[in-house]
Amino acid sequence: MSASQRVPVAIVGANGYSGEELCSILARHPGVHVVAITSRQHAGKHAGSVLPRLTGVGDFSKLLFIEPAIETLLDCGAEVYFLALPHGLAAEFALPLWKAGKRIVDLSADFRLRDAARYSEFYGGAHPAPELLSEAVYGLPELHREEIRGAMVVGSAGCYPTSILLPLVPLLLQGLIIPEEIVVSSASGVSGAGRKAETALLFGECNESLRAYGLPKHRHLSEIEQELSLAAGKEVMITFTPHLAPMSRGIHSTIFVRPSAGVSPEAILPTLLAAYSEEPFVRVSESLPDTKHTTGTNFCDISVRIDCRTGRVILLSAEDNLVKGAAGQAVQNFNLMAGLPETTGLI
């Protein structure tokens, strides 16, 4: 693809874990020209000095970080803006960019929910741009591919939700499992908490330790239950227990379900195999998922086990929280919006 055909993009918030992963993918993406990267902390510095692993990668490392000012961003020539910012702050940038006719891929939680009241319930404050919620599309390509193609605002799906929704939605759509009996236990690498100085995230606190957190109402429940309810055609509430695992990156989810009356547990794996047979980033197999096999990739691995003693089915999934759970998913959404092959820059 020639330079004139590449889509000019800006990355707003390029120095967090997800932002750095996004820079790494887009710096090598053949259909993208990164024209601006922002960071208040690193404004004026070359990208390569802040993100050493991208030194020498094309022209990217020569880019200067700029202050995240709306006027500057609107003048940078970008057509698509990736927002790798904390929730609440992302919406403050999204609204003026959208009003200017720009397309947005948001990695925060600001545009994942369709209901401003639900956002307030789970995130502890009024939504900063409720008028945009009706415009936004939930950014999980395997569920909303056609809507994403034409969207102006895409709220890229969260890391835990991706690992939970992909195994469950096909089963709910076909009525194979009982919606009221879904229990999930997940574990995430420390990078899922973001790049911040916090005692609970220090190496000495996390190493050789496993602990639950965010109980009983983790924020990601809001989007998980939203999408499960859409699939089931009725309100779905689940039990969800997330854990902090002593690893840098990765998510593993174990999901306990009960088949609907008259449904054989043996039907679950073939249903998932059929649902994802043409999907480039979902791998369903009989092998148990392992986070090390998804690290650095945009894949979500899924498998199934039948517990004959209890009559339950166990769904298991693994993904990289910074790729399929964040930056890679955002690029997958972008590829759809830009009319590019969905795998561009990701395989």
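See the values below:
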| quantity | calculated |
| --- | --- |
| Selection count, region 68-78, where residues are in contact (Cβ under 8 Å) with a residue 12 or more places away in the chain and loosely packed, with under 13 Cβ neighbours inside 10 Å | 1 |
| Pairs where the first residue, in region 326-346, is acidic (Asp, Glu) and the second is modelled with pLDDT of 95 or more and in a helix (DSSP H, G or I), C-beta under 8 Å, 6+ apart | GLU342/PRO141; GLU342/GLN332; GLU342/ASN335; GLU342/LEU336 |
| Meets criteria (of a type outside the set (Ser, Thr, Tyr), at positive phi and surrounded by fewer than 24 Cβ atoms within 10 Å (Cβ to Cβ)) for GLY150 | no |
| Selected residue (criterion: farthest from LEU97 (Cα to Cα)) from residues of region 8-20 that are modelled with pLDDT under 95 and of a type outside the set (Gly, Ala, Ser) | TYR17 |
| Criterion (assigned by TED's automatic domain parsing to the domain that holds GLY311 and at pLDDT below 95) met by exactly one of GLU225, GLU198 | GLU198 |
| SER49 vs. criteria among the small types (Gly, Ala, Ser), assigned to a helix (DSSP H, G or I), surrounded by fewer than 16 Cβ atoms within 10 Å (Cβ to Cβ) and not assigned by TED's automatic domain parsing to the domain that holds SER191 | yes |
| Any pair with Cβ under 8 angstrom, 6 or more apart, that starts in region 255-280 at a residue that is closer than 20 Å to PHE299 by Cβ and ends at one that is at pLDDT below 95 | PRO280/ILE347 |
| Every pair of residues 6+ apart whose Cβ atoms lie under 6 Å, when the first sits in region 109-126 and is within 14 Å of SER229 (Cβ to Cβ) while the second is surrounded by fewer than 17 Cβ atoms within 10 Å (Cβ to Cβ) | none |
| Test: residue in region 26-45 that is modelled with pLDDT of 90 or more, under 21 Å from the mean Cα position of the chain (by Cα), assigned to a helix (DSSP H, G or I) and not polar (S, T, N, Q) | yes |
| Matching option when the condition is surrounded by 22 or more Cβ atoms within 10 Å (Cβ to Cβ), assigned by TED's automatic domain parsing to the domain that holds VAL331, farther than 26 Å from PHE299 by Cβ and not β-branched (Val, Ile, Thr), among LEU83, LEU97, LEU140 | LEU97 |
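The rows are residues; the columns are (1) surrounded by 16 or more Cβ atoms within 10 Å (Cβ to Cβ); (2) more than 15 Å from LEU166 (Cα to Cα).
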site	(1), (2)
ARG211	no, yes
GLY214	no, yes
MET237	no, yes
ALA245	yes, yes
ILE255	yes, no
SER264	no, yes
GLU278	no, no
THR291	yes, yes
ASN298	yes, no
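Matching residues to (1) polar (S, T, N, Q); (2) part of a loop (DSSP other than H, G, I, E, B); (3) surrounded by fewer than 22 Cβ atoms within 10 Å (Cβ to Cβ):
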{"site": "GLY101", "(1), (2), (3)": "no, yes, yes"}
{"site": "ILE104", "(1), (2), (3)": "no, no, no"}
{"site": "PHE111", "(1), (2), (3)": "no, yes, no"}
{"site": "GLY125", "(1), (2), (3)": "no, yes, yes"}
{"site": "SER134", "(1), (2), (3)": "yes, yes, yes"}
{"site": "VAL154", "(1), (2), (3)": "no, no, no"}
{"site": "LEU172", "(1), (2), (3)": "no, no, no"}
{"site": "VAL184", "(1), (2), (3)": "no, no, no"}
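The values are calculated or read from the model by the stated rules, or taken from the named source; none is laboratory data. Here the structure is a predicted model, which means the values were calculated and not measured. For neighbour counting, all protein chains shown are included, and Cβ atoms are generated from backbone atoms with ideal geometry for every residue, glycine included.
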